[in-house]
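A.B. asks: Before we start, here is the structure in question, set down as structure tokens.
Laboratory data are not the source of any read-out in this text; all were calculated from the coordinates shown. Bear in mind the structure is a predicted one, so any value in this text is a computation, not a measurement.
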Amino acid sequence: MIAGIELGGTKTVVAIGTATGDVHEEWRFPTTAPDETFSRAIAWLRERGEPQAIGIAAFGPLGVVPGRASYGKL
């Protein structure tokens, strides 16, 4: 199982599927505070098993400057 999380400004989409791109199930819910949004997404995924990989897409901000403490963090 492969999982994907899209964090948007107004909604979050969580999906599971295969490495070849077949989506088996998805869930959409309103984006709220970061901790709450991640908790809801992770809880939904845990109910479905342990994914081999998780892809995350976000509108920002993302820490993209190597060497900074925020590098690689949402």
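A.B. asks: What full-extension length gain, to one decimal in nm, is calculated for residue 42 and residue 70 as 0.36 nm per residue of separation minus the Cα-Cα distance?
C.D. replies: On the way: separation 28, 0.36 × 28 = 10.08 nm, distance 2.15 nm.
Stretched fully, the residue 42-residue 70 segment lengthens by 7.9 nm.
A.B. asks: Here's another thing I want to ask about it. Under 10 °C and 1.306 mPa s, how fast does the chain diffuse according to Stokes-Einstein, given a Kirkwood radius computed over C-alpha pairs? Answer in µm²/s, whole number. Mind dumping the intermediate values first?
C.D. replies: Numbers: Rh = 13.1 Å.
Rounded to a whole number, D works out at 122 µm²/s.
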